[in-house]
Amino acid sequence: MRPVPIHLGYPPPLPFKEEPRVVQSRQVELVLCSMAPLRSPKPFAFPETGSPGCQSSLRVPGFSAMALRKELLKSIWYAFTALDVEKSGKVSKSQLKVLSHNLYTVLHIPHDPVALEEHFRDDDDGPVSSQGYMPYLNKYILDKVVEGAFVKEHFDELCWTLTAKKNYQPNRNGNSTLSNQDAFRLWCLFNFLSEDKYPLVMVPDEVEYLLKKVHSSMSLELGFGEVEELLAQEVQSPGGLSVWQFLELINSGRCLRGVARDTLSMAIHEVYQELIQDVLKQGYLWKRGHLRRNWAERWFQLLPGSLCYYGTEECKEKRGTILLDSQCCVEVLPDREGKRCMFCVKTASRTYEMSASDTRQRQEWTAAIQTAIRLQAEGKTSLHKDLKQKRREQREQRERRRLAKEEEMLRLQQLQEEKERKLQELELLQEAQRQAERLLQEEEERRRCQHRELQEALEEQLREAEQARASMKAEMEMKEEEAIKQRQRISELEEMQGRLQEALQLEVKARRDEESMRYAQTRLLEEEEEKLRQLMQLKEEQERYIEQAQQEKQELQQEMEIQSRSLQQAQQQLEQVRQNRQRADEDVEAAQRKLRQASTNVKHWNVQMSRLMHPIKPGDKRPPMSSSFPSFQPPLLARRDSSLKRLSRWGSRDSETPATNNCEPQEPLNKGDKSSPTSQEEEQLNLEPTN
């Protein structure tokens, strides 16, 4: 398989955002197993800052997205150069396929095997042979990256694994100062602080900044002379220090003063958290509870947008998060309840009370929290990215001042050369004057010698010589006047030089004022854009609230219509119930009439029965047991009497509660009329006396 030439002259890429996921270490092993034996990489043409290729990528909005894409390109550059076996800027297609597949996986981008095979086909006229690898990297990988969708540390681990196996060689005697994890973190810090030019180097100012950060974490101080001496020994290229030279410098131990390996590892981890993970400050604080109001010690970790607290410093058990915004503030509280060095963080919904170990810790915590609130108010997500940009701008300003100073020195040198040239011309004039005087003296001596010999013959020539002498004097006066004019010219030039220096100082001051005004104007424009964006968001929220209110109004109208229909139905049902009640009252009145009639009939039957039970005949003391009443039987009459009494009691009870049950008074009457044998016999008895 033929190697593919790579032309990575394309701009740094697009923004990305997504949830992070964990990458299995098996993928890294797959990459290592599939790669051929590698040798030291050769740098190739990645886009430099300010190049035309870099400017063409400005179609992507968002400074943070551009910065993240530049960081991704830095790590990919290390991985690519590690695969460049022949140091020619060419990598085989099989290795590029594996690298692209692993980038898909670690960046959580959906795999597109058709596009992968189409791009890396064997046809020389295809996109790989003509355009190189960078168009594919931009189109199919970097343009599809979404910010937050992947874990940046896992991506860096993949690229570090590829490049460290080939380029990172710790001390061969086994006494390496750095562990593999510490070397990886220093590699990430180097990429973060390196310049946006390829091959990647770190300028001496950033090297000094990083070394001082590490020493400060170990409570050590690094002198300025020591840093200059170390950099003078290590820096070979004019641009700065490469990452492998930097790691070799740390492994050599020349800048560590015999610091223990564990102490150095903790310091590197702390600096890594601060610069890469944007941890502004962390440590133990006492926090007062919200409900129980008791004090508990918690491990706090301050980020630009939040203040998280955990049970221990391992950060495994998260107890809560305090969201910081522009409305939050931090205040110092007086000592009370046995707690000292107290302060509070006020948010829109709650006030958090805390206590530090001493006054210095309280001051550091309050300053760090105020810095986080300021970053949140300014819309910045990282403090050290902002500081890195400011340091870079300061270096650029120093470079511009140096160039301006060089130009000024060049102009002064030109003026000095002009002055020296004028002085040389003046000296030439003076030399000519002296030579003329010398010639004049020689001529006079000759004339004297000849005058003695030819005094008489040369009287006319003497007059001519006097005339010539007068002309020479006039010429000398003219020369002297010219010399005076030249001196005046030199003085004027010196005055002009002084005025030029004053004008140059005024111009430098005006440029500084102009830069400050431009910076202030830029800041005002950014604040105005931020306020306009907030107003647009408020307007959109108001429109959404209006739409929700209209929808709720329509729903309320529909509910009112449904309730009105239900009310009408309930009124109809109430009318039916009233009608049913009226009919039931009529039935009750009819039943009462029947009951009164039945009670009248019972009374009549009782009279008849009493007459039948005690017949009156003259001369008899008791009713005779004769054949005149063959159907009379006393036990049967007794039963009838008892049944009549029960019937009368039931009728009286129904007459007392006629309204409780509308249907009960009719049933006993019907039963008594149809099924009771006693009622038939009583009717027969009622009929017999009449006969």
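The values are calculated or read from the model by the stated rules, or taken from the named source; none is laboratory data. Quick caveat, the model's predicted, so the values are computed rather than measured. Note that each Cβ is placed from the backbone with ideal geometry, even for glycine, and that neighbours are counted across all protein chains shown. What goes into the accessible areas is simple: the full protein's heavy atoms, side chains included, and nothing from ligands, DNA or RNA. Shrake-Rupley method; radii C 1.70, N 1.55, O 1.52, S 1.80 Å.
Some values worked out for this structure:
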| quantity | calculated |
| --- | --- |
| Computed log₁₀ I(q)/I(0) - Debye formula, equal Cα scatterers, no solvent, the range 330-404, q 0.12, 0.13, 0.19 Å⁻¹ | -0.52, -0.57, -0.84 |
| Anchor LYS594: aspartates and glutamates whose Cα lies under 12 Å away (excluding residues fewer than 8 positions away in-chain) | ASP654, GLU667 |
| Cross-link table LYS287/LYS539; LYS97/LYS197; LYS212/LYS316, entries beyond 32 Å C-alpha to C-alpha | LYS287/LYS539 |
| Cα gyration tensor shape of the range 417-458, rounded if a/c is under 1.5, else prolate or oblate by comparing a/b with b/c | prolate |
| Entries of LYS405/LYS485; LYS385/LYS405; LYS318/LYS339; LYS93/LYS166; LYS152/LYS388; LYS390/LYS531 with Cα pairs more than 28 Å apart | LYS405/LYS485; LYS385/LYS405 |
| Rg followed by Dmax, in Å, when the range 529-583 is reduced to its Cα trace | 23.5, 80 |
| The range 314-458: C-alpha pair distances exceeding 26 Å, % | 66 |
| Per residue value of the accessible surface for the range 435-523 (all protein chains in place, 1.4 Å probe), Å² | 89 |
| Kirkwood-Stokes translational diffusion coefficient of the range 456-542, alpha-carbon pairs, 10 °C, 1.306 mPa s, µm²/s | 78 |
| Most to least packed among 385-397, 575-587, 104-116 [average Cβ atoms within 10 Å] | 104-116, 385-397, 575-587 |
